[in-house]
Every structure is written in structure tokens, then in C-alpha cells.
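Below is one structure, written out as C-alpha cells; the observations come after it.
Bear in mind that the values in this text are calculations on the coordinates, not laboratory data. Please read all numbers here as calculations on a predicted model, not as lab measurements. Here Cβ is always computed from backbone atoms with ideal geometry, including for glycine, and neighbour counts include all displayed protein chains.
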Amino acid sequence: MENPQNIRLTKNDRPTPINEEIIIPDDQVLISVTDPKGYITEVNEIFSQISGYSEDELMGSSHNVIRHPDMPKIMFKIVWKHIMDKENVMAVVKNLAKDGKYYWVVTDFVTRVDADRNIINYTAYRRPVHDKVKQAVIPLYKALCAIEDVAGMDAAEKFLNNYFEERNTNYDDMVEDIIVKNCEKLEDLGFGNHPEEEIKKMTKEKKQSFFNKMFGIK
């Protein structure tokens, strides 16, 4: 949709954060689409409602206007690398609303390409997260932010790589594991008493199909 007022919000337009959470209804999926440079081209109504920005304000604006300062920069570097490589990736994200409040979401980022594999756009599907999911990532995010503030993103990346190596995991598997262990809808999706094991045995395509269902992606 066009942006007749040519409003372009950037990270410089972010509000001062306040310690008040916006709770997203369980059945809602917040959707936004950006062009290859990260400028917003489309949002659904609930995304506009929760973020506090009108559709006109969001069109053509930089997506990082909703980035909360509690989110480590290294996490977005990981996400950006995945989507530029045309790989789907999930992330647990704390976002910043227009009024300074925050809201937590688990986001599935999907890269759309044309017949020649050129990137058309990026679509982010966001669902509310269980409180246990937030508590699982907050200590790690705080540590990474502290390292970035003192020593920069390269030091945070080294810390994160060591963190994953010690646990024999990676970012994708960590997020997947956190979400699966705390998803209350797995039984509705046909899983038994040990969903983590069942999902690990899936092919990449079947696993993506499962998460597509969870996020309402068609």
C-alpha cells in the first residue's frame, strides 16, 4: 500500500522505553512485510494496533523503529544472515511500541524469492509467547547487551558462539527447543507426550510445515 504522506520512521524516532508490557491475544498473528532493504511495505491490522503506529506511519518506514534496546544487536545479525541466505528462521523478540511499552513475540521470518531466486521481500509472522519462553531468553539477552555495551558486537558474537558450543547447539535449535517445550498447542497439532523428540526426527520440509501451521502461514 502507498504511503501518501511519505512518512519514513527510523531508529531515531523510537520512543523512550517504559517498563509496561502489552499482552497480545493468544489467537493473533502480527504480520509485516519489508522490501530487501528492510523498509515496511505491508502490515496487518493487529500489527498496527499492537505497535501503536498507524498504517500510514509504518509504510516506507525502517523496520528497526520497533526494535527494543533490550534486544542484542547480534541476534538481529543472525536473523539477517539467515533471511539473506533465503533461509527461514525463528526468533524470540522483544519489540518496542510507539508509546514506549514493550511486547514479546516469537517471530518466523520468511524470505520470498522470484523465479531467479532474487529476493522479493521478507515476511515476519509473530505470535505471542509463553512467559516461560521469555524467562528462558532474558538472561542470555541481558548478558549479550552488556557485552555489546562494553566491548562491542564482535565480543558478543564470540560469547554467543562459545555459549552454543558448550551446549552443543546453535541459535536455530535453541529457539526451536524453547518454543516446542513451552508450546501449549502441540497436542492440538497431533503430537504425543514427547514432542521435542518427534520434531527432531522430522525432515526439514516437514518441520517447516509444522511451524507454518503454528504461525498460521499459508
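Most tightly packed first, judged by the mean number of other beta-carbon atoms within 10 Å of their residues, the peptides 11-18, 60-67 read 60-67, 11-18. In order along the stretch 144-158, phi translates into HN-Hα couplings of 5, 4, 5, 5, 4, 5, 8, 10, x, 6, 4, 5, 5, 5, 5 Hz, rounded to whole numbers, per the Karplus curve 6.51 cos²θ - 1.76 cosθ + 1.60 with θ = phi - 60° and x for Gly and Pro. Evaluated with a Cβ-only charge set (Lys, Arg +1; Asp, Glu -1), the stretch 134-178 carries a dipole of roughly 240 debye about its Cα centre, given to the nearest 20. Taking amide H as placed 1.01 Å from N in the peptide plane, residue 129 has its amide H under 5 Å from the amide H of 106, each at least 5 places away in sequence or on another chain. Students often get this wrong: which residues of the stretch 56-93 have the backbone nitrogen under 19 Å from the point 7 angstrom along Cα-to-C-beta of residue 165? Label zone hits: 74-75, 78. Put simply, the amide H of residue 121, placed in the peptide plane, has neighbours under 5 Å in 112, leaving out anything fewer than 5 places away on its chain. Checking the cross-link pairs 94/132; 101/134; 11/81; 77/101 against a 18 Å limit on the alpha carbon distance flags 11/81; 77/101 as lying beyond it.
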